[in-house]
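Step one of this worksheet: look at the structure below.
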Amino acid sequence: MATLQDVAIGLDLGGTKILAALISRDGETIREIESETSKQSKEDVSMSILNTINRLLENDKVDRNRIKGIGIASAGIIDSKKNIIKFANNLGLENFPIGSLLEQHYHLPVKLCNDANAAAIAEWIWGAGRGKENLIYITVSTGIGAGIISNGSLVTGIHDSAGEFGHTSIMHQGVLCKCGNRGCLERYASGTAIVNTASQRLLAGEKSALQKLLNEGLEITNQQIAIAAEEGDVFSINLLKEVGGFLGTGVNNLIHLFNTEVIVFGGGVMNMSPFILPSIKEAVRGYGIFHMAKDVAIEMTTLGKKGGVMGASGLFFTNEATEEELALSHVK
Ligand SMILES: [Zn+2]
């Protein structure tokens, strides 16, 4: 029974909502709560977080002694050693000491990681990369990010910023990116880039079922591109195929760097995976170093939007976390 297993609290801090869940070691969601993120001030965000966790723990049937800790997945720049959210634009936070806030209130250990890393951990423990020592989770949404598990460890880098896959360049002297680099993958294959490219081409007069939206003065969205592709619009199908090619070029770079075993895709843009995934696979099989690329599994997430909150709790259930527990039990 789940209630007899260790559990951890997972918290996914997003710009519009906070998702909190009690997750057992075997990945079962015992209880989950969603609330709006109030972001008038630091104090408001603190209150939203504490209220959400309090509601999660109300009337719960889980013995408090079984709660291993509180894991947090946050957007933005974090410091996982000090448990501080250094900067999160979508939450309006700067130098927010979330670790000490939660430790003071709940007297539980706290761990913090960024949202793409959390999703990678969730796929590693419970999802499409379950049990694999070398996997990379890639989210393709308004931006592009990655969480990298290499030889059984999460790769964080010195500033918790490893995995900025969207800002790796796939084109020398390509389009200038807001990060300062040129040719960033994000400028060619993110949700934002897809809409920009489609709009530019339609304005230039390319034929597409989407032209009627422009004629009606409506903005083009990824959802409309997806619908058009499903209805056989060649313009949209070719655009998404091209996006898959850009992503595949980036994925090849990752495979060559990390000799990875599984690539897991998630994020809103990948709802169009039937049109994108085949050309990603084609690029990997066609242009990757054969012995590294031939067996790489390229999968879609099996956890979807729950990856963040599950991975946050999963910070207490990784092999590394278990080794920490063992070390502590030896000290005792
Ligand atoms: Zn960039």
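The slack between K17 and D44, meaning 0.36 nm per residue of separation minus the straight C-alpha distance, is 8.4 nm.
Need one number for the chain: average projected area of the convex hull over its C-alpha atoms, nm². List each step's numbers first, then the result.
Numbers: hull surface 76.7 nm².
Averaged projected area of the chain's Cα convex hull equals 19.2 nm².
At 30 Å minimum axial length over the Cα atoms and a Kyte-Doolittle cut of -1.0, report the qualifying DSSP H helices in the chain, or say none. Could the numbers behind the result be given before it?
On the way: long enough: 234-258 (35 Å, 0.99).
The qualifying helices are 234-258.
Just checking the listed ones, T260, T301, T168: in the Gaussian network model of the chain with Cα springs under 10 Å, the one fluctuating most is T168. Under 19 Å from a label point set 7 Å out along the Cα-to-Cβ vector of S329, the amide N atoms of the stretch 92-130 belong to 109.
Net charge near E299: determine it from the other residues with C-beta under 12 Å of the C-beta of E299, scoring Lys and Arg +1 and Asp and Glu -1. Show your work: numbers first, answer last.
Details: positive: R130, K132, K281; negative: E123, E261.
Spelling it out: positives minus negatives among the neighbours equals +1.
Site pair N95 and E34 shows an inter-label distance of 3.5 nm when each label is modelled 7 Å from Cα along Cα→Cβ.
Taking R0 as 51 Å, what FRET efficiency do you get between S153 and N215 from their Cβ-Cβ distance, rounded to the nearest 0.05? Walk me through the numbers before you get to the answer.
On the way: r = 53 Å, r/R0 = 1.04.
That pair, S153 with N215, gives E of 0.45.
Within a straight-line Cα-Cα reach of under 13 Å, K306 can be paired with the following aspartates and glutamates, leaving aside sequence neighbours fewer than 8 residues apart in one chain: D12, E28, E32, E34, D115, E123. Please label the shape of the stretch 42-168 as rounded, prolate or oblate, based on the square roots a ≥ b ≥ c of the eigenvalues of the alpha-carbon gyration tensor (a/c under 1.5 means rounded; beyond that, a/b larger than b/c means prolate, else oblate). Verdict is oblate for the stretch 42-168. Here each label is just a point 7 Å from Cα along the line to Cβ, and for E103 and L257 those points are 3.2 nm apart.
At full extension, V234 and K81 could sit 50.1 nm farther apart than now, given 0.36 nm per residue minus the alpha carbon distance.
Judged by the mean number of other Cβ atoms found within 10 Å, the most tightly packed of the peptides 312-321, 289-298 leads the ranking 312-321, 289-298.
Here, each number is a calculation from the coordinates, and none is a lab measurement. Given the structure is predicted, the values throughout are model-derived calculations rather than measurements. Reconstructed Cβ throughout: ideal geometry from the backbone, glycine too, with neighbour counts over all protein chains shown.
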